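The values are calculated or read from the model by the stated rules, or taken from the named source; none is laboratory data. Quick caveat: nothing in here was measured; it's all calculated off a predicted structure. Here the Cβ positions follow ideal geometry from the backbone for every residue, glycine too, while neighbour counts run over all protein chains shown.
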Amino acid sequence: MARPDRLFVEKQSFRQMRVRMLLLIPPLILTLLAIWQAGLGHTWGKAPMSNSRLIGWSIFLWLVYLRLITVRLVTEVNAEQITIAMRGFWRSRRIPISAVKSARAVQFDAARDFGGYGIRSTRDATAYVAGGSEGVRLELSSGRPVVIGSQRAKELAGVMSRLVH
């Protein structure tokens with residue numbers, strides 16, 4: 001439930017299936033090797049890893065995979081600041097409303113304009129993108145723009161514009 005002081009809240013997951021599949025390969029391969037060696041008794045390679053290490057690394061990689069696929073981009077706006085957080089990681093950024101000169105809805109190609117998804121810094125801007133091709137571009141008083149990917153870009157731009165002006 002959103003708190004009354006929040007004017008806008010959006011939670012987005014990273015939905016790129018090809019990335020999830022690529023991240024799945026290492027834990028899956030190690031699990032299959034663990035089954036092959038520890039379960040079926042066949043060693044793999046000339047100097048095989050011990051069964052306990054193989055199982056331990058398999059569990060560790062599954063935990064990393066599960067952590068990575070549950071990361072969310074959370075955008076919250078209140079009267080004092082906008083908070084952009086990568087929940088599941090430690091990264092969050094707070095921008096005071098007083099530091100925002102303008103806000104407008106924009107369209108972009110995440111791969112071409114920013115080099116992909118996540119937290120991206122280019123010479124033109126810093127971007128926080130979980131998916132899609134829409135967002136809000138904030139012009140800051142520091143001169144460095146910030147682009148926030150959003151499935152509700154017009155709504156976010158409207159809230160930000162009302163606060164800035």
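Checking each residue in region 1-23 for being at pLDDT below 80 and under 18 Å from GLY158 (Cβ atoms) picks out only ALA2. Out of SER102, SER58, report the one residue that is among the polar types (S, T, N, Q), in contact with a helix residue (DSSP H, G or I) (Cβ under 9 Å, 6 or more places away or on another chain) and either at pLDDT below 90 or more than 27 Å from ILE148 (Cβ to Cβ) (or both). None of the other options fit; the residue is SER58.
Yes/no matrix, rows are residues, columns are (1) over 17 Å from ARG72 (Cα atoms); (2) in contact with a strand residue (DSSP E or B) (Cβ under 9 Å, 6 or more places away or on another chain); (3) modelled with pLDDT under 90; (4) not small (Gly, Ala, Ser):
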position: GLN107; (1), (2), (3), (4): yes, yes, no, yes
position: GLY116; (1), (2), (3), (4): no, yes, yes, no
position: ARG123; (1), (2), (3), (4): yes, no, yes, yes
position: TYR128; (1), (2), (3), (4): no, yes, no, yes
position: GLY135; (1), (2), (3), (4): no, yes, no, no
position: GLU139; (1), (2), (3), (4): yes, yes, no, yes
position: SER142; (1), (2), (3), (4): yes, no, yes, no
position: VAL146; (1), (2), (3), (4): yes, yes, no, yes
position: LEU163; (1), (2), (3), (4): yes, yes, yes, yes
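Residue by residue, here is whether (1) small (Gly, Ala, Ser); (2) touching a Leu at 6+ places or on another chain (Cβ under 6 Å); (3) within 19 Å of TYR128 (Cα to Cα) holds:
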site: VAL19; (1), (2), (3): no, no, yes
site: THR31; (1), (2), (3): no, no, no
site: TRP44; (1), (2), (3): no, yes, no
site: VAL64; (1), (2), (3): no, no, no
site: LEU73; (1), (2), (3): no, no, yes
site: ARG91; (1), (2), (3): no, no, yes
site: PRO96; (1), (2), (3): no, no, yes
site: LYS101; (1), (2), (3): no, no, yes
